Amino acid sequence: MPVSTPLCWVSVPWPHAENPYLGLLGAALEAQDCTPPHNVRPAEALRQHASVLHVHWIWLNKDPIRNLLRKRELVSLLENAQSLRRPVVWTMHNIDPHDASAPEREMMQRVARAAVGIVVHSEASVDAAGGANKAALVRVIPHGPLRDAYGPAPTRSDARMICSLPERPTLLCFGQLRPYRGIQELIAAFRRTQLVATLLIVGSCTNAELKKSLLQLAQGDERIVLIPERVPDELVPHFFAAADIAVLPYRAATTSGVANLAIGYQRPLVLPDVPSLVQGLPAAIHTRIASGEPIEAALARALNKPAPTPADFPEQVSWNTVAKAHRTLFDQLLR
C-alpha cells in the first residue's frame, strides 16, 4: 500500500475521551497529518479509509457479557486488518497483563502474533517484545507526559489545605486500586512503622472485596487517608502538589502512568526494582524496593533522603516527539 498523506489510523480501545494517554497521543498525531476517525467505530473506519490498526490495552477483565463483545470486536478487527492488508501495530504497555483473565492472556497472544510493529516504552522491554513476535518491527517510543492532561500544580500549601492534610511528610499512592498494585501490603507495612507521616491513598476501586479489605486495613490509624474513589481530573494536580513522595508498591509492572505523573509534577518515587520502571531514572529522584525487602524499609529510606531539586528531574519527551516517532513507524510499515 502506498504511503498516503494525510494518513488515518484507528486505535483500540476506542473512543479516546476517557483515556489521557490515548487522548494526548491522538491529538499529537493529528498534528502529524495522522488523523483518528471521529464518531466512527473502529471496524467502520478500517473498512472505509484507516491505514493502520493500533492496539493498546486488551481489557478483557470485565463482566462476561462485556468480555464477549470486546473479544468479538478485537478478533473481527484483527481479521479485517489482515484481509485488507492494513498493518497492525501493538503498543506493549505491559509485558504481562495485570490481574489478567485467561481470555485476556489468550487475546494478548493473538494480538502479538498479528502485529507487524510493536511499540515499547523502554529499552528494557525490547527483548520481551521480540519474544512475543520475532517477526515484528520493534520500536522504543517513550511515554509522553501525562501531566499535559491535568494541568499545572497549585502551591503545596494550597494543595494541602484543599486536601485537608496535616503539616507532615506525605506519601502518595495514586491511581486505580487493583490487586497487582500491592496496596494491601503497603498499608500493612506503613502500620508497622512509627513514621511521623501521612499515607495518602487515592484512586477508584471497582473490586468490592478489595475495597472492603483496604478500608478495614486502614481503620484505626489516623496517619492513613484512604479515598477509594475516582477523583475529578482537576484535583489530580492537587494530590501530587500536596505529596512529598509518590509510592508505587506494585507487585509487577512494565510502564507506570503514575510514575510518569510524579516525574511531571517533580515528586520523587518509591518503586519496585524493575528494569523497565527504573531505567534512566536519576538516583536522586527514586528509592528502589529491593526484591524481598520490606516496603517499610524503603519508605524510611525515602523519607530520610535529601529532597531532590527541580534540576534532578529528567525532561519528559514531548507528545510532538512521540507522535512523530509513531508516524515514522506507520509510514515504514506502509511502504
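The table for this structure:
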| quantity | calculated |
| --- | --- |
| Criterion: β-branched (Val, Ile, Thr), within 22 Å of the chain's Cα centre (by Cα), surrounded by 15 or more Cβ atoms within 10 Å (Cβ to Cβ) and within 20 Å of residue 286 (Cα to Cα) - qualifying residue of 227, 263 | 263 |
| Residue within the stretch 116-123 that is over 22 Å from residue 277 (Cβ atoms) and either without any contact (Cβ under 8 Å) to a residue 24 or more places away in the chain or in contact with a helix residue (DSSP H, G or I) (Cβ under 8 Å, 6 or more places away or on another chain) (or both) present | yes |
| Any hit, the stretch 166-176, residues being more than 19 Å from residue 274 (Cβ to Cβ), in contact with a Leu (Cβ under 6 Å, 6 or more places away or on another chain) and not assigned by TED's automatic domain parsing to the domain that holds residue 207 | no |
| Residue ID - modelled with the lowest pLDDT, chosen from residues in the stretch 279-294 that are of a type outside the set (A, V, I, L, M) and out of contact with any Asp or Glu (no Cβ under 7 Å at 6 or more places or on another chain) | 280 |
| Qualifying positions in the stretch 190-199 - under 16 Å from residue 219 (Cβ atoms), in contact (Cβ under 8 Å) with a residue 40 or more places away in the chain and surrounded by fewer than 23 Cβ atoms within 10 Å (Cβ to Cβ) | 192 |
| Residue list for the stretch 296-335, restricted to those being under 22 Å from the mean Cα position of the chain (by Cα) and assigned to a helix (DSSP H, G or I) | 319, 320, 321, 322, 323, 324, 325, 326, 327, 329 |
| Considering residues of the stretch 82-98 that are buried (at least 22 other Cβ atoms within 10 Å of the Cβ) and among the hydrophobic types (A, V, I, L, M, F, W, C) only, the residue farthest from residue 254 (Cα to Cα) | 88 |
| Top-ranked residue of the stretch 34-60 - restricted to ones that are in contact (Cβ under 8 Å) with a residue 40 or more places away in the chain and assigned to a loop (DSSP other than H, G, I, E, B), ranked as nearest to residue 86 (Cα to Cα) | 51 |
| Test result for residue 313, crowded, with 16+ Cβ neighbours inside 10 Å and either small (Gly, Ala, Ser) or in contact with a strand residue (DSSP E or B) (Cβ under 9 Å, 6 or more places away or on another chain) (or both) | no |
| Matching residues, the stretch 219-245, being of a type in the set (A, V, I, L, M, F, W, C) and within 17 Å of residue 166 (Cα to Cα) | 224, 225, 226, 227, 239, 240, 241, 242, 243, 245 |
| Which numbered condition residue 31 misses (of (1) farther than 16 Å from residue 87 by Cα; (2) free of Cβ contacts under 8 Å to residues at least 60 places away in the same chain; (3) exposed (fewer than 15 other Cβ atoms within 10 Å of the Cβ)) | (2) |
| Check on residue 243, more than 21 Å from residue 158 (Cα to Cα), more than 15 Å from the chain's Cα centre (by Cα) and outside the structural domain of residue 140 (by TED's automatic domain parsing) | no |
| Selection count, the stretch 269-294, where residues are of a type outside the set (A, V, I, L, M), within 17 Å of the chain's Cα centre (by Cα) and either more than 17 Å from residue 254 (Cα to Cα) or part of a strand (DSSP E or B) (or both) | 1 |
| Positions within the stretch 227-268 being within 18 Å of residue 169 (Cβ to Cβ) and either part of a helix (DSSP H, G or I) or without any contact (Cβ under 8 Å) to a residue 40 or more places away in the chain (or both), in sequence order | 238, 239, 240, 241, 242, 262 |
| Unique match (being in a loop (DSSP other than H, G, I, E, B), more than 22 Å from residue 314 (Cα to Cα), small (Gly, Ala, Ser) and outside the structural domain of residue 202 (by TED's automatic domain parsing)) among 135, 128 | 135 |
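For every residue, the table says whether it meets (1) at pLDDT 90 or above; (2) farther than 20 Å from residue 52 by Cα; (3) surrounded by 16 or more Cβ atoms within 10 Å (Cβ to Cβ); (4) among the polar types (S, T, N, Q).
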position: 114; (1), (2), (3), (4): yes, no, yes, no
position: 121; (1), (2), (3), (4): yes, no, yes, no
position: 125; (1), (2), (3), (4): yes, yes, yes, yes
position: 130; (1), (2), (3), (4): yes, yes, no, no
position: 137; (1), (2), (3), (4): yes, no, yes, no
position: 145; (1), (2), (3), (4): yes, yes, yes, no
position: 153; (1), (2), (3), (4): yes, yes, yes, no
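The values are calculated or read from the model by the stated rules, or taken from the named source; none is laboratory data. Since this is a predicted model, take the numbers as computed values, not measurements. Cβ sites come from the backbone with ideal geometry, for glycine too, and all protein chains shown count toward neighbours.
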